[in-house]
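**Q** The structure is given below, and queries will be raised subsequently.
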Amino acid sequence: MSEVENKISPSRKSRRLPPLLSLARRTRYAFHQGSRVALYTLHSEAMRRMNRQLQKELPSAPNVKPNGPVPSQRRMLGDIAKLFSEDMKSVEDGHYPMPSDGTMSPRELFNTSRAFFQDVPEVARRRATGAHQEVNEDLSGFASKLPRYYRQNFHFQTDGWLSEESARIYDFQVDVLFSGATAAMRRRALVPLAQLLRRRDQRSLAYVDLACGTGGLLGPALKAFPRLKGIGLDLSEPYLTVARKRLKSHRATYVTALAEELPFADSSLDVVSSVFLFHELPSKVRRLVISEVARVLKPGGSFLFVDSLQTGDVPDYDGLLSVFPQLFHEPYFTSYLEEDLAGLCAGRGLEQRWMTSAFLSRAVQFVKLR
Ligand SMILES: C[S@@+](CC[C@H](N)C(=O)[O-])C[C@H]1O[C@@H](n2cnc3c(N)ncnc32)[C@H](O)[C@@H]1O
């Protein structure tokens with residue numbers, strides 16, 4: 001994968017700090033991110049041990065064989081370090097302020113960690129028995145109206161996307177999977193957003209984050225750009241409820257809707273972002289979402305995309321990506337891996353302008369042609 005096409009230049013406002021202050025800032029960043037990596041790696045290791053015990057009592061899960069290279073732990077830690085160094089550089093280049101990822105009170109951390117470990121045996125049981133349709137067993141309220149492809153226990157998680165309990169541990173689960181690097185991966189989308197905002201009054205930008213979940217990108221975007229307003233759109237009412245509670249921002253509003261049927265007028269938005277949505281969609285729906293993004297963007301507007309690496313982006317990761325669907329119940333991931341996203345977007349008038357790989361993800365900016 002070409003690392004960065006069309007480099008995004010530093011902000012003119014970027015202020016070089018005196019060397020000692022710069023060193024202090026880097027040290028603070030390294031300490032904060034390092035302790036997050038340690039926290040989530042410890043959880044991952046504890047989960048692995050629990051799973052080894054649990055497997056003794058569960059039917060043996062089908063053998064999953066990677067069809068390609070799998071990176072070593074060392075290689076992955078190296079790529080996380082590279083991502084953090086790019087993140088820090090973006091702070092120094094003035095694209096966004098120093099992040100404060102996932103700062104939790106000790107009580108919150110304890111409760112979330114406990115809820116995470118309580119779900120580990122349930123996830124292991126579903127993985128071993130192939131149970132990924134439990135959310136369909138007792139459909140009531142909003143869930144009965146949701147599309148069939150959406151009503152599944154994605155990631156083998158309890159309740160899929162359909163409860164607040166699931167929403168409350170979702171980010172923690174993802175961080176255990178990505179060793180605490182999730183927020184830095186999402187933040188790659190803020191680099192082109194920062195560039196757009198240099199030429200614009202933040203208050204006048206019409207911005208929507210598609211499939212915002214619990215606010216993983218919307219929150220940091222509103223924090224980084226203090227006059228920006230944003231709409232978080234998602235199909236899960238419980239995930240939006242948690243986003244509302246977490247973000248507590250009067251600049252955020254929320255819409256429960258399908259990404260493939262956007263409730264916005266033609267050519268009405270300046271920026272649409274989406275993080276970790278496309279790999280969760282059947283390929284037919286992916287095409288509809290791209291058409292909708294192209295419809296609602298103004299000419300010259302940007303689609304900021306972050307999702308998993310695809311096959312061949314970083315060939316050393318191809319084998320690891322190939323086992324995700326079975327290990328984490330990702331029913332549409334295999335087709336996502338081969339999807340020609342640039343081609344699909346180009347076919348709908350969205351031209352790829354910038355792309356970078358960021359550990360296990362790719363961040364891309366598409367611009368709607370005039
Ligand atoms: C993997 S999560 C990503 C959430 C968030 N963007 C993040 O960065 O963590 C996928 C999200 O997509 C939402 N979603 C899936 N299919 C959707 C659809 N067709 N329309 C709207 N939201 C959808 C789910 O409810 C869930 O919140």
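Where a number appears in this text, it was derived from the coordinates with a stated rule and is not lab data. Source: prediction; values computed, not measured. Here the Cβ positions follow ideal geometry from the backbone for every residue, glycine too, while neighbour counts run over all protein chains shown.
**Q** How big is the charge dipole of the chain about its Cα centre, in debye rounded to the nearest 20, if each Lys and Arg gets +1 on its Cβ and each Asp and Glu gets -1 on its Cβ?
**A** Working: 52 positive and 40 negative charges, 320 e Å.
Using Cβ point charges on Lys, Arg, Asp and Glu, the chain gives about 1540 debye.
**Q** Kirkwood Rh over Cα pairs of the stretch 1-135 into Stokes-Einstein at 25 °C, 0.890 mPa s: D in µm²/s?
**A** For the chosen part, D equals 130 µm²/s.
**Q** Can I ask one more? Compute the signed sum of charges (Lys and Arg +1, Asp and Glu -1) over the other residues within less than 12 Å, Cβ to Cβ, of Thr256.
**A** Value of the local net charge: -1.
**Q** How about the stretch 52-91: which trypsin sites (Lys or Arg not before Pro) there lie in a loop by DSSP and see at most 12 other Cβ atoms within 10 Å?
**A** On the way: sites: Arg52, Lys56, Arg74, Arg75, Lys82, Lys89; in loops: Lys56.
Here the trypsin sites (Lys or Arg not before Pro) that fit, given the DSSP loop and packing criteria, are Lys56.
**Q** So, one more: Quick one: grab Rg to one decimal and Dmax as a whole number for the stretch 267-370, Cα atoms only, in Å.
**A** 13.7, 43
**Q** Hey, another quick one. Which of the trypsin sites (Lys or Arg not before Pro) found in the stretch 248-311 are loop residues per DSSP with 11 or fewer other Cβ atoms within 10 Å of their Cβ?
**A** Those that pass, being in a loop and sparsely packed, are Lys248.
**Q** Two-decimal Rg/Rh of the stretch 98-255 from alpha-carbon positions, Kirkwood Rh? It would help to have the intermediate numbers written out before the result.
**A** On the way: Rg = 17.0 Å, Rh = 17.0 Å.
My calculation of the ratio gives 1.00.
**Q** Turning to a different aspect of this structure: What is the dipole size for the stretch 229-370, taken about its Cα centre, with +1 at each Lys and Arg Cβ and -1 at each Asp and Glu Cβ, in debye to the nearest 20?
**A** I would put it at about 820 debye.
**Q** Quick one: compute the contact order of the stretch 276-370, relative version, from alpha carbon pairs under 8 angstrom and 6+ residues apart, as a percent. Write out the running numbers ahead of the final one.
**A** Details: 134 pairs, mean separation 37.0, N = 95.
In percent, rounded to a whole number, it is 39.
**Q** Whole Å is fine, so just give me how far the alpha carbon centre of the stretch 24-84 lies from that of the stretch 171-199.
**A** 18 Å
**Q** Checking the table Lys145/Lys284; Lys229/Lys368; Lys284/Lys368 against a 28 Å threshold on Cα-Cα, which pairs fail?
**A** From Lys145/Lys284; Lys229/Lys368; Lys284/Lys368, over 28 Å: none.
**Q** Note down the relative contact order for the chain as a percent, whole number, built from C-alpha pairs under 8 angstrom at least six residues apart.
**A** Relative contact order for the chain comes out at 21 percent.
**Q** What number, in percent, do you get for the relative contact order of the stretch 186-270 if the mean sequence gap of Cα pairs under 8 Å and at least 6 apart is divided by its residue count? Could you put the intermediate results ahead of the total?
**A** Working: 117 pairs, mean separation 25.5, N = 85.
After rounding, I find 30 percent.
**Q** Taking 7 Å along the Cα-to-C-beta vector as the label spot, tell me the Leu58-Ala257 distance in nanometres, rounded to one decimal.
**A** 3.9 nm
**Q** Loop sites only, by DSSP: take the GluC sites (Glu not before Pro) in the chain that have at most 10 other C-beta atoms within 10 Å and name the longest stretch containing none of them.
**A** Details: sites that count: Glu3, Glu57, Glu137, Glu261.
The answer is 138-260.
**Q** On to the next question. Name the aspartates and glutamates eligible as straight-distance cross-link partners of Lys56: C-alpha to C-alpha under 20 Å, and not fewer than 8 places from it in the same chain.
**A** Output for Lys56: Glu45, Asp119, Glu122.
**Q** How far apart, in nm, are the 7 Å Cα→Cβ label points at Arg200 and Ala342?
**A** 2.4 nm
**Q** Mind listing the Cα extents of the chain along all three principal axes, in Å, largest one first?
**A** Answer, in whole Å and largest first: 60, 50, 41 Å.
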